[in-house]
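The values are calculated or read from the model by the stated rules, or taken from the named source; none is laboratory data. Predicted model, so just to flag it, every value in this text is computed and none were measured. Here the Cβ positions follow ideal geometry from the backbone for every residue, glycine too, while neighbour counts run over all protein chains shown. Please note that ligands, DNA and RNA were not included when accessible areas were found on the heavy atoms of the full protein model with its side chains. Shrake-Rupley method; radii C 1.70, N 1.55, O 1.52, S 1.80 Å.
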Amino acid sequence: MAQEPAERARISELLRAADPDGLLALDRRQVLSLHLDTDPTRPENQRSEPAYRIWARQALHAFAESLPKEERRRVMEFADHVEARLRSERPRGRGLSVYAADGVWKEFVWPVPVENRARYGLVDVWPLLWLRQAYTPYAVLLVHRDHTRLLVSHLGEAAVVEDEEFHLDAQHWRFTAGKPPSFAKGMGMSSSRGAQRDVYDARVEDNVRRFWSSVASAAARALEELGVQRLIVGGPQEGTAAVVDLLPEPTRRLVVATVSVPPLEEWRHIRDRVLEVARQDRARREAELVEALVGNAGPAGSVLDLESTLQALARRQVLTVAADRDLAARVRTCTVCEFATTNPAERCPTCGGVLQEADATQVLPVLARSNRAELVLLSEGTLRRHGGVGALLRFS
Ligand SMILES: [Zn+2]
């Protein structure tokens with residue numbers, strides 16, 4: 001089995017690498033998907049036999065027991081490989097994801113917590129979808145009269161997990177990675193007295209506006225290059241208002257909020273406020289989506305509950321699927337086509353293929369992908385009284 005090395009990586013790179021779409025494109029039915037909480041700060045993980053290793057062994061053996069002979073042999077092989085991997089070296093991160101299939105072995109070491117979870121069959125990208133959503137990057141543009149900074153922040157539920165700072169290269173009006181040697185110098189404007197005062201002030205204001213305009217274009221370009229879709233603008237009110245106004249239209253729509261920040265304030269002091277703004281933004285997005293689902297507000301309405309959602313997916317009618325993160329449901333899925341149902345049936349009504357039982361969380365991402373639909377995971381229990389899942393429909 002070819003092994004891809006698990007380097008210690010930044011979460012931004014990891015989220016790009018652990019692409020659910022790429023894993024779904026494997027299009028396999030015999031994949032072992034394993035996610036382990038390897039957090040080294042937990043006492044149970046510090047023992048000579050860490051808890052995650054015991055958990056993985058027991059989970060994989062329990063799987064194997066329930067499978068027919070050929071499959072059992074395969075899963076036991078994966079289990080041996082996982083055991084050897086976990087014995088060879090302690091994973092350095094707080095979480096580990098492993099995807100194993102014939103000729104495939106992919107590992108991702110996460111700097112953030114991951115829950116223990118094991119699935120076999122269709123590739124299980126549910127935990128990756130959640131990580132991508134939970135750590136969606138927010139760009140923070142801090143702007144003052146004569147200096148600016150751009151930060152890209154991966155915010156967890158309660159903490160900033162990772163920041164990357166960019167500074168403005170005034171020669172080319174581009175944001176580049178890394179901290180500037182000293183950012184307050186170079187563009188300062190000295191005071192002046194005398195009869196020329198008004199003219200001078202007007203010229204200074206003109207310069208400031210030109211500066212903000214360049215910042216706005218540079219920020220728009222940086223966001224596009226970084227693929228960041230959410231922007232928070234901070235600074236004194238006159239600055240934030242002006243820069244938001246000067247942003248090109250597609251970027252202006254990405255502005256989540258503006259926050260008032262005194263000049264030269266340290267990022268660590270601003271971070272908590274940005275985190276709170278981002279938390280509110282997430283809650284608002286989720287509330288709007290739930291309202292649309294319950295209020296039948298998709299372009300062609302909406303459906304609620306698992307069976308109606310599966311039927312809409314089979315008709316390729318789905319724009320957005322939303323499901324509780326803790327959705328726990330079994331479905332029967334066709335081994336030949338993509339038909340899936342919650343009803344007890346032996347044969348596929350569409351193609352006559354054999355139906356197999358699978359987890360809804362393994363089937364929904366596959367069907368969402370073939371619908372080119374977005375799959376959004378909601379907080380625990382959000383749609384529980386509607387069967388834990390729903391979909392916004394597109395016009396066919
Ligand atoms: Zn079928």
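Quick notes on this structure:
- Residues of the range 19-37 with amide N under 12 Å of a point placed 7 Å along Cα→Cβ from Ala134: 36-37
- Contact order, relative form, for the chain: 14 percent (alpha carbon pairs under 8 Å, 6 or more residues apart, mean separation divided by residue count).
- Take every pair of alpha-carbon atoms less than 8 Å apart whose residues are at least six positions apart; their mean separation over the length of the range 1-109 yields a relative contact order of 43 percent.
- Taking only protein heavy atoms and a 1.4 Å probe, the accessible area of the range 295-393 is 47% carbon and sulfur.
- Kirkwood estimate for the chain, i.e. one over the average of 1/r between Cα atoms, Å: 23.9 Å
- In the context of the full protein assembly, Thr251 retains an accessible surface of approximately 10 Å², using a probe radius of 1.4 Å and ignoring ligands and nucleic acids.
- DSSP-defined antiparallel bridges as percent of all bridges, the range 136-283, nearest 5: 65 percent
- For the range 124-138, 3J(HN,Hα) computed residue by residue from phi via the Karplus equation (6.51, -1.76, 1.60; θ = phi - 60°) reads 9, 9, 3, x, 5, 4, 5, 4, 4, 6, 5, 10, 3, x, 10 Hz, glycine and proline entered as x.
- Ranking Ser302, Ser213, Ser88 by solvent-accessible area of protein heavy atoms (1.4 Å probe, all protein chains present), from largest to smallest, gives Ser88, Ser213, Ser302.
- Per residue value of the accessible surface for the chain (all protein chains in place, 1.4 Å probe), Å²: 51 Å²
- Accessible-area composition of the range 136-283, carbon plus sulfur, in percent [1.4 Å probe]: 49 percent
- Largest first, the three principal axis extents of the alpha carbons in the range 11-125 are 38, 32, 21 Å in whole numbers.
- Considering only the chain, percent of DSSP beta bridges that pair antiparallel, nearest 5: 80 percent
- Relative contact order of the range 239-319, defined on C-alpha pairs under 8 angstrom at six or more residues apart (%): 13 percent
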